[in-house]
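Everything below concerns the one structure shown next.
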Amino acid sequence: MGKSNYELVVECDNFPYYEDDRAAYTENLNNYHAFKVNGYDATLGYILNSVADQFPWSESSWKIDSGARTVTLLTPANADPALRSKLVAETITEAVKQDKFEILKGWRNEKYPVYGPGGEFLLEMERCATPLFGVVSYGAHMTGYTRDESGYKIWVPRRSKTKQTYPSLLDNTVAGGMCTDETPFECIVREAMEEASLPEDKARAGIVARGCVTYSHVRDARAGGETGLIQPEVEYVYDLELDAETIPKPCDGEVEEFKLLSIPEVKEALANGEFKPNCAFIMIDFFVRHGILTAENEPDFLLILAGLHRRLEYPTASHCAR
């Protein structure tokens, strides 16, 4: 018997909940150091103890409290995001030089933002390093689909076998991480062109915003690099209905092929565990939003709805234009 829809949700949102088992949750947190920035009363992420032990922390820039299990970035009271980012970058660069972490071999030259209380932009760091610090990252996923008399069909890509993360697994039609100063919509338009060769005018005119999902994922070996790293994420969700003449095509080498799958075929692939965990998560969200999964046909319907929208325990930011 394959994986249930609820099991797929839990496989992605697999960091324990305090409300479910307070003792187990607290015991689990003993495996991590809280990442903080001085001057801000907030935990920005969780760093695995073994990672905290290996990082080449500079005593002038970092305070490591093993008793309290905290790692705090030290900066002057008038520090700005540029200074904080510089200090973090120096530490990450030194870790690369010393070949400390496998995950840093996937260097992307892309910067992800880190936010403090009230959504204040505190700093940015290299994308591939963010799981080491356990900070919230942001992305956008889009489901491209067609409809005919037989119902929905979804364009499903297979990830390249050479990708560092989740090679050869199935993905959402288009997906990508949001860099500093990028909005969710501009991110998904860019990714639609880069990953699926979709024309910009068609993407801008047809992509529809459908909300977001949130989860806190603990990485396993399929993610590449160190395991046990916490990766909390906010993923903005989009749909794009395509006509029969518009066919997604691989463009940037991250995708091997696209296939147009019927809903029963997608369900079978989900049950067989063929999707990247967060992509299964977002596919189930699509099923809920389009009435494919309902209270009448899914016994875990309420658990699934709650699981798709975790309340993250870290500061987050609104991407509303101000």
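Each reported figure results from applying straightforward, stated rules to the coordinates on display, with no laboratory input. Remember, predicted model here, so these are calculated numbers, not experimental data. For neighbour counting, all protein chains shown are included, and Cβ atoms are generated from backbone atoms with ideal geometry for every residue, glycine included.
Between region 275-302 and region 192-246, what is the C-alpha centre distance in whole Å?
16
For the chain, what proportion of DSSP beta bridges, expressed in % and rounded to the nearest 5, is antiparallel?
70
Using amide H atoms built in the peptide plane, which far-off residues or other-chain residues are under 5 Å from residue 178 H to H?
138, 139, 140
Quick one: 3J(HN,Hα) in Hz for region 160-168, Karplus 6.51/-1.76/1.60 with θ = phi - 60°, rounded, Gly and Pro as x.
For region 160-168, the Karplus curve yields 4, 5, 9, 5, 5, 10, 6, x, 6 Hz.
Which entry is the computed Rg/Rh (Cα atoms, Kirkwood Rh) for this structure: (1) 1.05; (2) 1.13; (3) 0.97?
The listed entry that was calculated here is (3).
Tell me the relative contact order for the chain as a rounded percent, counting alpha carbon contacts under 8 Å between residues six or more apart. Write down the numbers at each step before the final one.
Numbers: 613 pairs, mean separation 72.5, N = 322.
Relative contact order of the chain: 23 percent.
Could you let me know the centre-to-centre spacing of region 71-128 and region 1-34, using Cα atoms, in angstrom?
A separation of 27 Å, based on Cα centres.
Classify region 104-187: rounded, prolate or oblate, from the alpha-carbon gyration tensor (a ≥ b ≥ c, eigenvalue square roots; a/c under 1.5 rounded; otherwise prolate if a/b is larger than b/c)?
oblate
Mind checking which of 95, 269, 221 has the largest fluctuation in a GNM of the chain, springs on alpha carbons under 10 Å?
221
On a 27 Å Cα-Cα criterion, which of the cross-link pairs 36/100; 3/259; 111/276; 163/259; 36/163 come out too long?
Flagged as over cut-off: 36/163.
Just 239, 201, 220 to compare: in a GNM of the chain, with alpha carbon springs under 10 Å, which one fluctuates most?
The residue with the greatest mean-square fluctuation here is 201.
Quick one: Karplus J couplings for region 44-55, per residue in order, coefficients 6.51, -1.76, 1.60, θ = phi - 60°, nearest Hz, x for Gly and Pro?
Going residue by residue, I get 8, x, 10, 9, 4, 3, 5, 6, 4, 6, 9, 5 Hz, with x marking Gly and Pro.
Quick test of the membrane-span-like rule: which DSSP H helices of the chain reach at least 15 Å along their long axis (C-alpha atoms) with mean Kyte hydropathy at least -0.5?
Those that pass (Cα extent of 15 Å or more, hydropathy at least -0.5) are 81-97, 184-196, 277-289.
Loop-only check: which trypsin sites (Lys or Arg not before Pro) in region 67-175 are DSSP coil with at most 10 other Cβ within 10 angstrom?
The qualifying sites are 161.
Test of the criteria: in region 256-322, which GluC sites (Glu not before Pro) are in a DSSP loop and have at most 11 other Cβ atoms within 10 angstrom of their Cβ?
296
At 0.36 nm per residue, and after removing the present C-alpha to C-alpha distance, how many nm does the segment from residue 185 to residue 29 gain when stretched out fully? List each step's numbers first, then the result.
Numbers: separation 156, 0.36 × 156 = 56.16 nm, distance 3.48 nm.
Between residue 185 and residue 29, full extension yields an extra 52.7 nm.
Using amide H atoms built 1.01 Å from N in the peptide plane, name the residues 5+ places from residue 122, or on other chains, whose amide H lies under 5 Å from its own.
For residue 122, whose amide H was placed from the backbone, the distant partners under 5 Å are 114, 115, 116.
Given the DSSP H assignment, sum -39500 (n - 2.57) over each helix run of at least 4 residues in the chain and divide by its residue total; what's the result at 222 nm in deg cm²/dmol, nearest 500?
After summing the helix terms and dividing by residue count, I get -8000 deg cm²/dmol.
How large, in Å, is region 56-213 by the Kirkwood hydrodynamic radius built from its alpha-carbon pairs?
18.3
Over region 215-322, what is the mean sequence separation of C-alpha contacts under 8 Å (at least six apart), divided by residue count, expressed as relative contact order in percent?
Here the relative contact order equals 24 percent.
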